[in-house]
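Before any comments, here is the structure.
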Amino acid sequence: MTNNESNQIAGGNITAASRKDAHIDLALDPQTRSDGSNGFDRVNFEHCAMPEMALPHIDLSTEFLCKHLDAPIMIGAMTGGTPRAEAINRALAHVAQDQKIAFAIGSQRAALELGHSAGYLRDIAPDIPIIGNLGGIQLAAAGGLDLAKAAVDDVGADAIAIHLNPLQEAIQPEGEHDWRGVREAIAALVKADIAPVIVKEVGAGVSASIASDLFQCGVTAIDVAGFGGTNWARIEAARRDDDITLFSPFLNWGIATLDCLMSVTKACPDQLVIASGGLRDGLDAMRAYRLGAGMTSLAGPMLKQLLYDEKEPSPEALGKFVEQIKRQMALTLFLTGAADLAGLRKKPVWLDGQRI
Ligand SMILES: Cc1cc2nc3c(=O)[nH]c(=O)nc-3n(C[C@H](O)[C@H](O)[C@H](O)COP(=O)(O)O)c2cc1C
């Protein structure tokens, strides 16, 4: 694993903004992906040999945060706060608006602290849900509630996502190690009624007990962001220039996305659960939807498509990728004999050889 020193700035200080740029490069490095499965290869749909429907008539449309979407897909929270991140976010917002899918922006802390507005994203994407983002640690700090209000107001967000990332912070060279007060801060944010609150992990997963507790606090949705895709333990270990032996046992730490999804939907029936963490394509997304997810999200794979030539963002390449995901979703419905998403939920699947 290579150490990346690009986050060092004069005087040795490391800002949240420069860290975000280093994260973009490291997230694209195949060596920082999880060395383990999201679990979705254990799930197989029962093939329907006589679908009795026309593939082009399949309807993937859905509602999310009171807005109409062409398909239950979201561009997962990634970045913001630096000129490079802004160029990426502009391109992501264009694709999301064009494809009528949801768009989650990355942590707004750096941008807000630098006094940079991301309000242009709402101009680019007026019709789709935009989800703001802050860390649980920042929310729990002094002034956290005001920061959350500023984050929502800045982009006219339809919801705010609070990310929980204790594994990442524990390995991050400049990470936060005191997690006291985060639950209370989330409960206060819900109570303040600024916007619907989504709580997410970043790739290590949300367990059923944490999800139940947070739904009891009144959060609108949990994004499980499980293990199997982008791996923040590996990304942060790659940013360290000291011996990482201490962290080696934790480089594959986390709950596989399938296991999070199954346990959270069982413990919290009728709640909105977002599946993410290592989803690769439209088939994975439909497996997740069948197993109870109300929305699906991809982050790292979207970034990889957008930056495929590593020079400047290519909305065309990402647009084609999203189009392909939608077609894979439609093909899944067709091959199970489901005309729409509600129909898919009733179709049999095999999990570990058991028909459910
Ligand atoms: C470059 C990059 C930056 C990210 N930054 C954030 C962030 O600021 N806030 C957040 O909640 N999640 C962030 N994430 C985590 C993603 O939203 C997602 O939970 C995680 O990458 C797992 O999904 P994936 O396997 O599809 O990438 C980031 C992911 C990537 C790839």
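Every number in this text was worked out from the coordinates using simple rules, so none of it is lab data. Quick caveat: nothing in here was measured; it's all calculated off a predicted structure. Backbone-built Cβ (ideal geometry, glycine too); neighbour counts: all protein chains shown.
Projected label points at Lys320 and Met50, each 7 Å from Cα along the beta carbon direction, are separated by 4.0 nanometres.
The overall shape of region 12-129, judged from the alpha-carbon gyration tensor, is oblate: a/c is not under 1.5, and a/b is no greater than b/c.
Restricting attention to the chain, close to 25% of DSSP beta bridges with both partner residues there are antiparallel. Entry note, the chain: relative contact order of 22 percent, from Cα contacts under 8 Å with a spacing of 6+ residues.
Over all alpha-carbon pairs in region 110-261, figure out the percentage whose distance exceeds 26 Å. Please list the in-between numbers first.
Working: 3477 of 11476 pairs.
In whole percent, the long-distance tail amounts to 30.
Charge tally for Gly282 (other residues, Cβ to Cβ under 14 Å; Lys, Arg +1; Asp, Glu -1): +2. In whole angstrom, region 221-356 maps to an equivalent ellipsoid with semi-axes of 29, 22, 11, each derived as √(5λ) from the alpha carbon gyration tensor and ordered largest first. List the trypsin sites (Lys or Arg not before Pro) within region 276-332 that DSSP assigns to loop and that have no more than 11 neighbouring Cβ atoms inside 10 Å. Passing both the DSSP loop test and the Cβ count: Lys311. Per residue, the convex hull around the alpha carbon atoms of the chain comes to 132 Å³. Straightening the chain between Asp146 and Glu113 buys 10.7 nm, computed as 0.36 nm per residue apart minus the Cα-Cα spacing. Sites listed here are trypsin sites (Lys or Arg not before Pro) in region 145-241 whose DSSP assignment is loop and whose Cβ has at most 14 other Cβ atoms within 10 Å: Arg180. Note on the chain: GNM, Cα springs under 10 Å; of Pro301, Pro173, Pro129, the largest mean-square fluctuation is that of Pro173. This ranking places Arg90, Arg355 by how few other beta-carbon atoms lie within 10 Å of each, fewest first, which gives Arg355, Arg90.
Counting lysine pairs in the chain that sit 8 or more residues apart in sequence, or on different chains, and whose Cα atoms lie under 15 Å apart gives 5. Helix 16-27 and the longest principal axis of the C-alpha atoms of the chain enclose an angle of approximately 40°. Based on alpha carbons, the Rg and Dmax found for region 120-195 are 13.5, 39 Å.
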